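Working notes, structure below.
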Amino acid sequence: MASHFSSALQLTDLDDFINPSQECVKPVKVERVVGKKGAIKIETDGSYMEVDEETGAEVKLEKAKITLNDCLACSGCITSAESVLITQQSQQEVYSILQQNQDCRKFGLHNEVKCVVVSVSPQARASLAAKYNLSALLTAQKLTAFFHKLGCDFVFDTSFSRDFSLVETQREFVTRYRSKSALPMLASACPGWICYAEKTHGAYILPYISTTKSPQQIMGSLVKDLFARKLDKTPDQIYHVSVMPCYDKKLEASREDFYNDLYKTRDVDCVLSTSEVDAMLETEGVNLSDINAADLDGLAGAGELVSHAGGGSGGYLEHVLRHAARELFGLQLNELTFKILR
């Protein structure tokens, strides 16, 4: 199986088999009984049986389950076994929630119906626009119509949360520069890079990483807090789906940092990649080009698409550099020329 995660998450060239040098270091609690001996027997179907040496009784052992949280919490491996890693990050999970809502409405359990919110990133939208030869605006409108037809309640664009991320990043850099602390400042929006930094460099590199949340997680906070209060709902009454261009975003959404202990819910409940949304279109037997466009939903007011510097490759750097030059030195940069140093 080919891995969809970025190469940064695969510290070595691993496959689905974890050999002795790549053993999972997740601790497993074992109930021990003093003075009692036993043995392990492997059945022909590959299952494990614990055999009591005194009585001969056999008990089938449960297989250890490793979740995304376990992988993020340890310093061991990440393999390409997505079937193990992604237990709640797939289109099947979204379909399950939508079906659950239908059943609740059918039996009059309206208090148990979750409000399903979908946040679509500009990068994912652009990929679908390129595939179906559509404009960015028309793609957004057709995706809105598609998700509404599936049963989703609201479809938002994450450019709104990216604004927050850019503004906070530039503010943080200026603060660090003035205090001459923790420089250079490294971006924090890519979960693949953060996971790599944590697992390979730890305390050496982490102080230099920006504390600003990524646009996905800022959107999660806005949806589960601001928008939830607007709808007079609690965070656990909203199921938030994020459509992102990278599988690593599934890892980010699963971090304990973004879990609400009070309401037992995550800021982003499920992340779908662009290819998974395309697979959903195939499952529904529709072509995105043939879907009638719908009005865009807006997190705060009327829905619209916005674009600005900071969205493309190197955009964060350019955005922060322009702001820092103006804020720190009173310089207005009209044109930037980047040079390759090595």
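The values are calculated or read from the model by the stated rules, or taken from the named source; none is laboratory data. Predicted, not measured: the structure shown is a model, and the values here were computed from it. So basically every Cβ, Gly included, is an ideal-geometry build from the backbone, and we count neighbours across all protein chains shown. Keep in mind that these areas ignore ligands, DNA and RNA; they rest on the heavy atoms of the full protein, side chains included. Shrake-Rupley method; radii C 1.70, N 1.55, O 1.52, S 1.80 Å.
Structure values in brief
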item: Test: residue in segment 251-270 that is crowded, with 16+ Cβ neighbours inside 10 Å, of a type in the set (Phe, Trp, Tyr) and touching a residue at least 60 places away in the same chain (Cβ under 8 Å); result: no
item: Of all residues making up segment 181-210, the number that are part of a loop (DSSP other than H, G, I, E, B) and open to solvent by less than 70 Å² (accessible area, probe 1.4 Å); result: 10
item: Residue match in segment 91-111 (condition: at pLDDT below 95, of a type in the set (Gly, Ala, Ser), in a loop (DSSP other than H, G, I, E, B) and over 18 Å from residue 277 (Cβ atoms)); result: yes
item: Filter result (surrounded by 15 or more Cβ atoms within 10 Å (Cβ to Cβ) and not in a strand (DSSP E or B)) within segment 112-126; result: 113, 114, 121, 122, 123, 124, 125, 126
item: Pick from segment 153-180, criterion assigned to a strand (DSSP E or B) and not acidic (Asp, Glu), ranking: most open to solvent (accessible area, probe 1.4 Å); result: 154
item: Of all residues making up segment 211-225, the number that are open to solvent by 70 Å² or more (accessible area, probe 1.4 Å), within 26 Å of residue 112 (Cα to Cα) and either of a type in the set (Lys, Arg) or touching a residue at least 60 places away in the same chain (Cβ under 8 Å) (or both); result: 0
item: Residue match in segment 140-152 (condition: more than 30 Å from residue 326 (Cβ to Cβ), modelled with pLDDT of 95 or more, outside any helix (DSSP H, G or I) and touching a strand residue (DSSP E or B) at 6+ places or on another chain (Cβ under 9 Å)); result: yes
item: Residues of segment 226-240 classified as charged (D, E, K, R) and either open to solvent by less than 70 Å² (accessible area, probe 1.4 Å) or not in a helix (DSSP H, G or I) (or both), total; result: 3
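Let's see how each residue does on (1) under 15 Å from residue 220 (Cα atoms); (2) aliphatic (A, V, I, L, M); (3) at pLDDT below 90:
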{"position": "258", "(1), (2), (3)": "yes, no, no"}
{"position": "270", "(1), (2), (3)": "yes, no, no"}
{"position": "276", "(1), (2), (3)": "no, no, no"}
{"position": "287", "(1), (2), (3)": "no, no, no"}
{"position": "301", "(1), (2), (3)": "no, no, yes"}
{"position": "307", "(1), (2), (3)": "no, no, yes"}
{"position": "339", "(1), (2), (3)": "no, no, yes"}
{"position": "342", "(1), (2), (3)": "no, no, yes"}
